[in-house]
Amino acid sequence: MQEKRKIWHWLVLGLLSLIWGTSYILMKKGLESFSTFQIAGLRVFITFMCLLPVAIRNLPKITSGNFFSLLVIGLFGSGIPAFLFPLAETKIESSLAGMLNSLSPVFTLSLGILFYKRNVQRLQIAGVFLGLVGAAGLLYSEKFSFNYYGLYVVLATLLYGISTNEVSRVQNLNGLQIAALSFFILSPFAIILLLTSDYQAVLETQHWMLNLGYIAVLSVFGSALALVLFYLLVRDTSPVFAAMVTYFIPIVATLWGVADNEHFTSSMIVSVAIIFGGVYLINRPGFQGIKRRILK
């Protein structure tokens, strides 16, 4: 039976695509003044502060049984990727980072099969291979030189896969609670990172306050608000519908890159199309049960 979509479902999907697709250009702007460690620390800390009221109300729900999972979700789903993406963008363009991020469903399925005993169909395995082939195409330039910094984004999507699968192990917590509590557990690392950082070089850069604003927007909208919207969309529609955001994020990231005069080639379009083909196979109806358990 076909699910009915309301106008606000499509509006939220479009807003999510815009928010997450814009995050890569915001990281690029933040790098003009701040280091990769500072961007990661600020992003985690600001998001933690936004979700703190939710975390405080749910602190009693942190138990010995779910603490490790929440730590894994925090580190692999937010903390380490918050460092890896800006690190990659010191050598690659923001649009390429957005394109490579579309690998996330590929690793979610692959790791689910290998370590989380997920059921799989043959076409989904083909989707994994298609996604990896498309990623390889993005990592090679027109001169057939390999861009190793792109591997940092690939590693981040791999960590996203671990985090997403780990969510299914957490009992008696909804998505917003998991996000808030995982950032609460992660916050001491961010605070230590920020307190031990040297800001002299930051203050010497031009427009450092504006670039700090970009990071704040990235944190408030790209992490805190986007998580709330995403889980709301999953709950009111389906994981498969919400996962359609994967298709639109690279498009928004590419448009921002073009607006910022980034290098863009036809071969990149082909590579992204191959990844999309893989993601489509992974998101076929047979995968709905897996995603429902992960994202509910």
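The values are calculated or read from the model by the stated rules, or taken from the named source; none is laboratory data. Here the structure is a predicted model, which means the values were calculated and not measured. All Cβ positions, even for glycine, are placed from backbone atoms using ideal geometry, and neighbour counts span all protein chains on display. Calculation scope for accessible area: heavy atoms of the full protein, side chains included, ligands and nucleic acids excluded. Shrake-Rupley method; radii C 1.70, N 1.55, O 1.52, S 1.80 Å.
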Flag for Asn211 being open to solvent by less than 20 Å² (accessible area, probe 1.4 Å), polar (S, T, N, Q), in contact with a helix residue (DSSP H, G or I) (Cβ under 9 Å, 6 or more places away or on another chain) and more than 25 Å from Leu138 (Cβ to Cβ)
yes
Scan region 195-213 and tell me whether some residue there is in contact with a Lys or Arg (Cβ under 7 Å, 6 or more places away or on another chain), modelled with pLDDT of 90 or more and not basic (Lys, Arg).
yes
Selection within region 100-112 - in contact with a Pro (Cβ under 6 Å, 6 or more places away or on another chain) and modelled with pLDDT of 85 or more
none
Result of the Cβ filter at 7 Å on region 183-209, keeping first residues that are farther than 13 Å from Glu32 by Cα and partners that are open to solvent by 100 Å² or more (accessible area, probe 1.4 Å), at least 6 apart or interchain, is Leu193/Phe37; Ser197/Phe37
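Return the only residue of Val245, Val234 being under 14 Å from the mean Cα position of the chain (by Cα), surrounded by 20 or more Cβ atoms within 10 Å (Cβ to Cβ) and at pLDDT below 80. Show your work before the answer.
Numbers: Val234 fails: under 14 Å from the mean Cα position of the chain (by Cα).
Step by step, each of Val245, Val234 is checked, and only Val245 is under 14 Å from the mean Cα position of the chain (by Cα), surrounded by 20 or more Cβ atoms within 10 Å (Cβ to Cβ) and at pLDDT below 80.
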Breaking point among (1) crowded, with 19+ Cβ neighbours inside 10 Å; (2) farther than 18 Å from Pro53 by Cα, for Leu193:
(1)
